[in-house]
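Visitor: Handing you this structure, nothing more for now.
Just so it is clear, none of the values below were taken in a lab; they were calculated from the coordinates. Everything quoted here is computed from the prediction, not taken from an experiment. Cβ atoms come from the backbone with ideal geometry, glycine included; neighbour counts cover every protein chain shown.
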Amino acid sequence: MHPVKELFYSLLCPPPHYCYLCQEERIIGDDGLCDECRNNLKRPILPAPTEYLDGLTAGVVYTDELARLLLQFKNKERLDYAPFLSQFIHIPKEWYAELLVPVPLYWKQQYIRTYNQCYVLSEYISSEYGIPICAELLKRTRETSQQKSLSGSERRKNLKGAFEAAPECAGRTIVLIDDVVTTGSTLNECAKTLKKAGARRVYGACIACSIR
Ligand SMILES: [Zn+2]
């Protein structure tokens with residue numbers, strides 16, 4: 001449709017507005033949320049600093065509503081949730097971030113899913129902050145079990161040596177982009193791999209944290 005025509009129709013009959021979280025038809029803000037859901041958003045308590053990660057941010061507490069959205073986003077049903085979800089990812093100025101690296105999937109998993117959801121989020125972050133993405137710096141070298149079903153020590157064992165960094169990361173300040181952080185063991189393993197290959201600083205920025 002011609003843009004002018006489209007504008008005319010949208011003014012004549014505005015589309016219904018649904019809040020992303022409660023899915024109710026309400027007055028929503030630019031953030032895609034109704035007042036009630038916005039007021040209910042909670043700042044998360046982040047896991048304790050890890051050995052290799054220089055800093056970590058997560059915008060909100062991981063809730064059932066958010067879990068539902070993330071699942072649809074990961075299953076490719078709703079890739080259009082990306083701008084809504086990425087607004088909860090924050091990169092502090094003090095990090096002086098040079099490159100974004102999405103937490104990688106194992107190639108087989110990415111082949112089945114056809115995309116890496118963290119890469120899609122990184123694209124939005126990259127255009128908002130003007131920081132380039134360099135996904136090639138980190139690779140997942142083997143399949144790993146779902147972290148959420150494992151205990152702390154099992155998580156570390158599951159991830160040991162699961163990533164490989166490219167030598168080009170040497171001397172760089174990198175921000176890892178992930179959707180949800182729980183104990184931080186995945187981000188820590190990624191950071192460890194990058195630091196061992198010479199990265200100067202490695203941070204993590206996520207949508208949500210599942211520690212309540
Ligand atoms: Zn709502």
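Visitor: Restricting to the chain, compute how many DSSP beta bridges are antiparallel as a %, nearest 5. Show your work: numbers first, answer last.
Guide: Details: 4 of 24 bridges.
Percent antiparallel among DSSP bridges in the chain is about 15.
Visitor: Find, among the trypsin sites (Lys or Arg not before Pro) in the range 110-144, those assigned to loop by DSSP (not H, G, I, E, B) with at most 16 other beta-carbon atoms within 10 angstrom. Let's see the in-between values first.
Guide: Numbers: sites: Arg113, Lys139, Arg140, Arg142; in loops: Arg142.
Passing sites in the range 110-144 are Arg142.
Visitor: State the answer as a single residue: which of Gln72, Leu121, Ala162 lies farthest towards the positive end of the charge dipole of the range 41-209, with beta carbon charges of +1 for Lys and Arg and -1 for Asp and Glu, about the Cα centre.
Guide: Towards the positive end, the residue furthest out is Ala162.
Visitor: Please give the calculated 222 nm ellipticity per residue for the chain, where each DSSP H segment of at least 4 residues contributes -39500 (n - 2.57) and the sum is spread over every residue; nearest 500 deg cm²/dmol? Mind dumping the intermediate values first?
Guide: On the way: 8 runs with 72 residues, N = 212.
The helix contribution divided over the chain gives -9500 deg cm²/dmol.
Visitor: To continue, here is another question. Could you give the distance between the Cα centres of the range 138-212 and the range 72-134, to the whole Å?
Guide: Cα centroid to Cα centroid, the span is 15 Å.
Visitor: Modelled label-to-label distance, Cys22 and Leu46, 7 Å Cα→beta-carbon offset: nm?
Guide: Here the answer is 3.0 nm between the modelled labels.
Visitor: Which lysines have a Cα less than 28 Å from the Cα of Lys192, not counting those fewer than 8 places away in the same chain?
Guide: Filter leaves Lys74, Lys93, Lys108, Lys139, Lys148, Lys157, Lys160.
Visitor: For labels at Asp64 and Glu136 in the simple 7 Å Cα→Cβ model, what's the distance in nm?
Guide: In this crude label model, Asp64 to Glu136 measures out at 4.6 nm.
Visitor: Calculate, in nm to one decimal, what Ser127 and Glu36 gain on full extension: separation in residues at 0.36 nm each, minus their alpha carbon distance. Don't skip to the end; give the middle numbers.
Guide: Values: separation 91, 0.36 × 91 = 32.76 nm, distance 2.91 nm.
That works out to 29.8 nm of additional length.
Visitor: A further question follows. Calculate how many DSSP beta bridges within the range 121-212 are antiparallel, expressed in % of all such bridges and rounded to the nearest 5.
Guide: Details: 3 of 11 bridges.
In the range 121-212, approximately 25 percent of DSSP beta bridges are antiparallel ones.
Visitor: Report the residue, chosen from Cys37, Cys190, Cys118, that carries the largest GNM mean-square fluctuation when the chain is represented by alpha-carbon nodes joined by springs under 10 Å.
Guide: Taking springs between Cα atoms under 10 Å, the residue moving most is Cys37.
Visitor: Expressed as a rounded percentage, what relative contact order does the range 41-209 have, with Cα pairs under 8 Å and six or more residues apart?
Guide: After rounding, I find 33 percent.
Visitor: By how many degrees, 0 to 90 and rounded to 10, does the Cα axis of helix 185-196 deviate from the longest principal axis of the chain?
Guide: Roughly 50 degrees between the two axes.
Visitor: Right, another one. Under a no-solvent Debye model with one identical scatterer per Cα of the range 41-209, what's log10 I(q)/I(0) at q = 0.12, 0.13, 0.19, 0.20 Å⁻¹?
Guide: Debye output, listed in q order: -0.48, -0.57, -1.37, -1.54.
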